[in-house]
Amino acid sequence: MPGNEELAFLSAAEQGRLLRDRKLSPVELLRACLERIDRYDGILRAYITVCAEQALAQARQAEREIATGNYRGPLHGIPFGVKDQLCTQGIRTTLGSRITADYVPDHDATVIERLRAAGAILIGKENLHEFGKGGTNVFPYGQPRNPWNPAHHPAGSSSGSGIAPASGFSSGSLGEDTGGSVRSPAAANGIVGLRPTFGRVSRYGGVMHGWTADTLGPLTRTVEDNTLFLQAIAGHDARDPLSSTRLVPDYAAALRPDLRGLTLAVVREMTWPDGVHSEVRSAMEAALDVLRKLGATVKEVSLKLAKHSVPLQLLTSDSDIAAMMLKRWLRTRWNDFDVGTRTRLAAGCLIPATVYHRAMRARALVRREILDTLAGCDALLCPANLNPPGRIEAAREQVDTPEDMDKKVLLRRISTYPFSMANIPAIALPMGYTKNELPVSLQVAAKPFDEATVFRVAHAYERATPWHRRHPDLARILHKAAA
Amino acid sequence: MKLTRDQVKVLAAAVDLEIPEQDLDNVTIRVSALLSAMENIEAELGEAMNSVEPLPPVFPREDF
């Protein structure tokens, strides 16, 4: 039996096989995660609320069920966390804000119901940018930190959902991605994060309000784990009127070791723009070589309209969210918001309806260009982040000049927002490490509802490279940081 | 479109929002940047935008 450290970093699929074969107890696995949270999360701040007692009770129940032959499947007994933007019955759901510090929902989000039904165990509620908006400057529940270097940020807005699986605090997380809030923390923390096709996963029970772009997706240590989580949460839900009735395929069946017969297209504007970090560039070049060796044909394409994605999303989704926040809290609780949240929401409140309407038309064009391009290939490629995660203070979105707005708000989001505009599935997965041991990440996107191809490309690349086997040595890293 | 602080105050008043003085420059920069970006998009895509519907890009009943 592996030791606690090794156990905590096994993939969820490997943990699941040990649980199934009764070589590992769900209680033992949960305790390994709780011990690590206890030891390290005072610094990393992945969790806002840890549900230790409830989780232990569920782990004991899972242990009994498995022992008596009532094995539910590969997630039975697996501990997971969720971004604290998803409603949990009887457990406070802060949305990362002081304003909603005491909110205790009377229902679970659909995705949580489904994971519980699969036998997975909710270990806690994870830290996030306030209300799931990027750009929080001061985190009311503690500054989330990158496990590879705690002086650096873990990206967001699903910050804790990236830190937790990367640190062995859980076997996987659920996050929320409107513009890049699952993929960016996956990239920054060296794990795998999927934005599914809009409509593939129910949004019911998520407190989001960006109704044309919000998605819920898993963050895991491997691609196979990601398929297990998506398999459990995907599918129609009558409580989300925009969820799709399409059948959910068997995602694990798509995983193969090669890419023969696939054509992959590198998006020029999202891969080699001015400002891409030299180590991201060289990691991307090396990744393309690996993909070619796996049998894929790799070509380059241009998405000329991609550059408009960030302002278009801020003009539309931010306005949708701001409309809800204005009425509820922005007028009366201004000073209780973080400065980054309130100024971004205020800007969203002031976009004229005529501009919003025109921006929605432009979004249709951006999306059409991406879908037309996907008609000529199987998947699109680019880095998930153009830069490795920076130092916390340097990454804060303080907007004092128009140049700050360009650099800190608009340009840095170019690698994820175009795929969000098109509402297509996109995954971020480890692509290497800088000389300072910070993760860099590859992004793969495909046609709507073709998560299977996204998984196939990502899995083949992952198996051909060593990056998924690296985990942060927290004892060493945090000791060094404290010295 | 570069807005002034006073113009932003008027826009905010129209939605019954009072922006405190210390945050007014920040909001002014943000709104100005977004409206300027939209001006550029209109210049590049305005004609094409006239020929598409402003449908929210969601997929429940589409074919691919």
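The values are calculated or read from the model by the stated rules, or taken from the named source; none is laboratory data. Here the structure is a predicted model, which means the values were calculated and not measured. As a convention, Cβ positions derive from the backbone with ideal geometry for all residues, glycine included, and neighbour counts pool all protein chains shown.
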Taking the criterion of being among the polar types (S, T, N, Q), under 30 Å from A:Arg246 (Cβ atoms) and part of a loop (DSSP other than H, G, I, E, B), would at least one residue in the stretch A:420-430 satisfy it?
yes
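Matching residues to (1) under 26 Å from A:Asp102 (Cβ atoms); (2) free of Cβ contacts under 8 Å to residues at least 40 places away in the same chain; (3) surrounded by fewer than 18 Cβ atoms within 10 Å (Cβ to Cβ):
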site	(1), (2), (3)
A:Glu6	no, yes, yes
A:Ala12	no, no, no
A:Leu29	no, no, no
A:Gln58	yes, no, no
A:Arg64	no, yes, yes
A:Gly81	yes, no, no
Given the structure, is B:Val58 modelled with pLDDT of 95 or more and β-branched (Val, Ile, Thr)?
no
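This table checks each residue for (1) closer than 22 Å to A:Arg463 by Cα; (2) small (Gly, Ala, Ser); (3) surrounded by fewer than 14 Cβ atoms within 10 Å (Cβ to Cβ); (4) free of Cβ contacts under 8 Å to residues at least 60 places away in the same chain.
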{"site": "A:His277", "(1), (2), (3), (4)": "no, no, no, no"}
{"site": "A:Ser309", "(1), (2), (3), (4)": "no, yes, no, no"}
{"site": "A:Ala322", "(1), (2), (3), (4)": "no, yes, no, yes"}
{"site": "A:Lys327", "(1), (2), (3), (4)": "no, no, yes, yes"}
{"site": "A:Leu330", "(1), (2), (3), (4)": "no, no, no, yes"}
If I filter the stretch A:460-474 for residues that are in contact with a helix residue (DSSP H, G or I) (Cβ under 9 Å, 6 or more places away or on another chain), outside any helix (DSSP H, G or I), closer than 27 Å to A:Arg260 by Cα and within 14 Å of chain B (Cβ to nearest Cβ), do I get at least one hit?
no
Based on this model, can you work out whether A:Gly348 counts as farther than 13 Å from A:Ile424 by Cα, crowded, with 20+ Cβ neighbours inside 10 Å, over 22 Å from the mean Cα position of the chain (by Cα) and modelled with pLDDT of 95 or more?
yes
How many residues of the stretch A:249-265 are surrounded by 14 or more Cβ atoms within 10 Å (Cβ to Cβ) and under 22 Å from the mean Cα position of the chain (by Cα)? The answer is 5
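Yes/no matrix, rows are residues, columns are (1) within 14 Å of A:Ala306 (Cβ to Cβ); (2) buried (at least 23 other Cβ atoms within 10 Å of the Cβ); (3) touching a residue at least 12 places away in the same chain (Cβ under 8 Å); (4) within 13 Å of chain B (Cβ to nearest Cβ):
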| position | (1), (2), (3), (4) |
| --- | --- |
| A:His357 | no, no, no, yes |
| A:Ala364 | no, no, no, yes |
| A:Asn387 | no, no, yes, no |
| A:Ala394 | no, no, no, no |
| A:Glu403 | no, no, no, yes |
| A:Leu410 | yes, no, yes, yes |
| A:Arg413 | yes, no, yes, yes |
| A:Met421 | yes, yes, yes, yes |
Looking only at the stretch B:20-33, which residues are over 19 Å from A:Leu315 (Cα atoms) and either more than 7 Å from chain A (Cβ to nearest Cβ) or not in a helix (DSSP H, G or I) (or both)?
B:Pro20, B:Glu21, B:Gln22
Of the residues A:Gly162, A:Gly179, which single one is more than 14 Å from every other protein chain (Cβ to nearest Cβ) and either surrounded by fewer than 24 Cβ atoms within 10 Å (Cβ to Cβ) or of a type outside the set (A, V, I, L, M) (or both)?
A:Gly162
The one condition in (1) at pLDDT 95 or above; (2) surrounded by fewer than 24 Cβ atoms within 10 Å (Cβ to Cβ); (3) more than 16 Å from A:Glu269 (Cα to Cα); (4) among the small types (Gly, Ala, Ser) that A:Ser302 fails to fulfil:
(3)
Helices (runs of 4 or more DSSP H) contained in the stretch A:26-121 and holding at least 3 residues at pLDDT 95 or above and acidic (Asp, Glu)
A:26-44, A:52-67
Just one of (1) in contact with a helix residue (DSSP H, G or I) (Cβ under 6 Å, 6 or more places away or on another chain); (2) more than 30 Å from B:Leu17 (Cα to Cα); (3) without any contact (Cβ under 8 Å) to a residue 12 or more places away in the chain trips up A:Arg368, so point out which.
(1)
So B:Met38 clears everything in (1) under 21 Å from A:Ala422 (Cβ atoms); (2) outside any helix (DSSP H, G or I); (3) facing another protein chain (nearest Cβ under 8 Å) except one condition, right? Which one?
(2)
Search the stretch A:90-117 for residues being buried (at least 18 other Cβ atoms within 10 Å of the Cβ) and among the hydrophobic types (A, V, I, L, M, F, W, C), and hand back the single one that is nearest to A:Glu130 (Cα to Cα).
A:Leu95
